[in-house]
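As C-alpha coordinates, the structure follows; a few thoughts come after it.
The values are calculated or read from the model by the stated rules, or taken from the named source; none is laboratory data. Just so we're clear, the structure is a prediction, and the values are computed from it rather than from any experiment. Quick reminder, even Gly has a Cβ in these numbers, built from the backbone with ideal geometry, and neighbours come from all protein chains shown.
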Amino acid sequence: MHKSYREESKKDWGTLGGAPTREQLVFGCLLRIADAQEQMAKPFVSLLSEAERLRRWHREGNESIQRLVRSNAALRGVITKLKKAR
(Lines give C-alpha, C1' and ligand atoms only; values in the text may rest on other atoms or scores of the structure.)
Protein backbone atom coordinates (compact mmCIF):
# COMPACT_ATOMS: atom_id res chain seq x y z
CA MET A 1 0.00 0.00 0.00
CA HIS A 2 1.32 3.43 -0.97
CA LYS A 3 1.59 6.00 1.82
CA SER A 4 2.31 9.62 1.08
CA TYR A 5 5.10 11.25 3.09
CA ARG A 6 2.98 14.38 3.25
CA GLU A 7 -0.01 12.57 4.76
CA GLU A 8 2.16 10.54 7.12
CA SER A 9 3.90 13.70 8.33
CA LYS A 10 0.54 15.19 9.36
CA LYS A 11 -0.19 12.36 11.80
CA ASP A 12 0.12 13.00 15.51
CA TRP A 13 3.16 10.92 16.41
CA GLY A 14 4.31 10.10 19.93
CA THR A 15 5.87 7.52 22.23
CA LEU A 16 4.03 4.70 23.98
CA GLY A 17 5.77 5.31 27.27
CA GLY A 18 8.82 6.76 28.89
CA ALA A 19 10.70 9.88 28.01
CA PRO A 20 11.14 10.68 24.30
CA THR A 21 14.58 10.31 22.81
CA ARG A 22 16.53 13.20 21.34
CA GLU A 23 15.70 11.96 17.84
CA GLN A 24 11.99 11.90 18.66
CA LEU A 25 12.17 15.45 20.05
CA VAL A 26 13.89 16.65 16.88
CA PHE A 27 11.23 14.87 14.82
CA GLY A 28 8.48 16.57 16.87
CA CYS A 29 10.13 19.96 16.40
CA LEU A 30 10.29 19.43 12.64
CA LEU A 31 6.60 18.52 12.57
CA ARG A 32 5.72 21.65 14.56
CA ILE A 33 7.82 23.78 12.19
CA ALA A 34 6.03 22.24 9.20
CA ASP A 35 2.63 22.92 10.80
CA ALA A 36 3.61 26.53 11.52
CA GLN A 37 4.77 27.05 7.94
CA GLU A 38 1.47 25.72 6.62
CA GLN A 39 -0.42 28.11 8.88
CA MET A 40 1.76 31.05 7.80
CA ALA A 41 1.21 30.23 4.13
CA LYS A 42 -2.60 30.48 4.33
CA PRO A 43 -2.79 34.29 4.76
CA PHE A 44 -0.06 34.74 2.14
CA VAL A 45 -2.04 32.73 -0.43
CA SER A 46 -5.17 34.78 0.29
CA LEU A 47 -3.15 38.00 -0.08
CA LEU A 48 -1.85 36.81 -3.45
CA SER A 49 -5.34 36.05 -4.70
CA GLU A 50 -6.62 39.42 -3.44
CA ALA A 51 -3.72 41.23 -5.13
CA GLU A 52 -4.46 39.44 -8.41
CA ARG A 53 -8.16 40.34 -8.13
CA LEU A 54 -7.27 44.02 -7.49
CA ARG A 55 -4.88 44.05 -10.47
CA ARG A 56 -7.65 42.65 -12.67
CA TRP A 57 -10.14 45.28 -11.40
CA HIS A 58 -7.57 48.03 -11.99
CA ARG A 59 -6.84 46.82 -15.52
CA GLU A 60 -10.57 46.50 -16.34
CA GLY A 61 -11.22 49.97 -14.89
CA ASN A 62 -8.44 51.50 -16.99
CA GLU A 63 -9.76 49.77 -20.11
CA SER A 64 -13.24 51.12 -19.38
CA ILE A 65 -11.90 54.63 -18.83
CA GLN A 66 -9.94 54.53 -22.10
CA ARG A 67 -13.01 53.27 -23.98
CA LEU A 68 -15.10 56.13 -22.55
CA VAL A 69 -12.41 58.71 -23.37
CA ARG A 70 -12.32 57.51 -27.01
CA SER A 71 -16.12 57.50 -27.19
CA ASN A 72 -16.26 61.02 -25.77
CA ALA A 73 -13.66 62.25 -28.27
CA ALA A 74 -15.60 60.68 -31.13
CA LEU A 75 -18.83 62.30 -29.98
CA ARG A 76 -17.11 65.70 -29.68
CA GLY A 77 -15.88 65.24 -33.23
CA VAL A 78 -19.44 64.55 -34.41
CA ILE A 79 -20.71 67.65 -32.61
CA THR A 80 -17.98 69.79 -34.23
CA LYS A 81 -18.77 68.35 -37.65
CA LEU A 82 -22.49 69.07 -37.19
CA LYS A 83 -21.78 72.66 -36.09
CA LYS A 84 -19.66 73.27 -39.20
CA ALA A 85 -22.33 71.75 -41.46
CA ARG A 86 -24.91 74.32 -40.39
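Among the criteria (1) surrounded by 10 or more Cβ atoms within 10 Å (Cβ to Cβ); (2) over 27 Å from the mean Cα position of the chain (by Cα), the one Arg59 does not fulfil is (2). Residues in region 35-80 that are under 30 Å from Asp12 (Cα atoms) and not basic (Lys, Arg): Asp35, Ala36, Gln37, Glu38, Gln39, Met40, Ala41, Pro43, Phe44, Val45, Ser46, Leu47.
Given the conditions (1) part of a helix (DSSP H, G or I); (2) of a type outside the set (Gly, Ala, Ser); (3) surrounded by 10 or more Cβ atoms within 10 Å (Cβ to Cβ); (4) at pLDDT below 80, report the number of the one that Cys29 does not fulfil. Result: Cys29 passes all but (4).
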